[in-house]
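Trainee: My structure is below; once you've seen it, I'll send some questions.
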Amino acid sequence: MMFDPLYMMILVVTLVLSGAVSLLVKTRFAAGQKVAISSGLTGADVAKAILMEAGITDVKILKHQGFLSDHYNPLNKTLNLSPEVYSGRNASAAGVAAHEVGHAIQHAEGYFPLWLRSAIVPAANIGSNLGPWLVIIGIMLMGMGKALGHSLAVVGVVLFALATLFTLVTVPVEFDASARAKKALARMEVVAAGREYNTVSGVLFAAGLTYVAAAISSILQLLYWAYRAGLLGGRNDD
């Protein structure tokens, strides 16, 4: 089944899309590192300043190893910044740090899409790993005339749909965090209007596209598994 031409086509499309977006992010981030910000603040300084302005005092800012491994952890309320962002005094560092603070603010405000994304993480993890296998096993059982096969395949599709839902919900969460970041950086005059602000916008937009690419990939795979399960086009053969 894994050598199904349709599946291989989807795989190639998603790999090309994710690769192109990844290259764009790295290119924009590298370019942004060459643009010093007039405020002279490091990424850690930027994060601290925005958190203070938002009245958030219970979030710790930590240095986290790994290139572009920056993330906000709502479980222990930590803002984890990669070395390049934590110590950087440039547009890329300021933008990424502010973006992660955007997630902390979302958490503090009870931003619904963020809550929904966190709530479906366990189901999404199960769906992405188990869903396709249930569809495959279901198709095999249907090929042997087993009535249980169709039900199993449908369950697999539903589980994978939860993983797809996670990727879809992530898109507005990430773009909202970036919007909050850009507003804060401009409002607090951390970055100057013009080149500095435009560079930050370019870096954050490219980063946001990675989640769009992930959502597109997941949707294509969901449609494929639904097709294989006989829910689209009536196909359920192996």
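Trainee: Criterion first (buried (at least 17 other Cβ atoms within 10 Å of the Cβ) and in a helix (DSSP H, G or I)) does Ala47 satisfy it?
Mentor: Here the answer is yes, as Ala47 does meet what is asked.
Trainee: Also, I was wondering about something else. In the list Tyr7, Tyr86, Tyr72, which residue meets the criterion of being modelled with pLDDT under 95 and either over 21 Å from Thr210 (Cα atoms) or of a type outside the set (A, V, I, L, M, F, W, C) (or both)?
Mentor: Tyr7
Trainee: Another question, if that's okay. Filter region 201-233 for residues that are more than 18 Å from the chain's Cα centre (by Cα) and open to solvent by less than 60 Å² (accessible area, probe 1.4 Å) and give the result.
Mentor: Tyr224, Trp225, Ala226, Arg228, Ala229, Gly230
Trainee: Just one of the numbered conditions (1) under 30 Å from Tyr227 (Cβ atoms); (2) assigned to a helix (DSSP H, G or I); (3) not small (Gly, Ala, Ser) is not true of Phe3; which one?
Mentor: Result: Phe3 fails condition (2) only.
Trainee: Here are the criteria: (1) within 19 Å of the chain's Cα centre (by Cα); (2) open to solvent by less than 40 Å² (accessible area, probe 1.4 Å); (3) aliphatic (A, V, I, L, M). Tell me which single one Leu68 does not satisfy.
Mentor: (2)
Trainee: Can you tell me which residue within region 2-20, out of those that are of a type in the set (A, V, I, L, M, F, W, C) and in contact with a helix residue (DSSP H, G or I) (Cβ under 6 Å, 6 or more places away or on another chain), is most open to solvent (accessible area, probe 1.4 Å)?
Mentor: Of everything passing the filter in region 2-20, Leu17 is most open to solvent (accessible area, probe 1.4 Å).
The values are calculated or read from the model by the stated rules, or taken from the named source; none is laboratory data. This is a predicted model, so every value here is computed, not measured. FYI the Cβ positions are ideal-geometry reconstructions off the backbone, even for glycines, and counts take in every protein chain you see. SASA here: full protein model, heavy atoms, side chains in, ligands and nucleic acids out. Shrake-Rupley method; radii C 1.70, N 1.55, O 1.52, S 1.80 Å.
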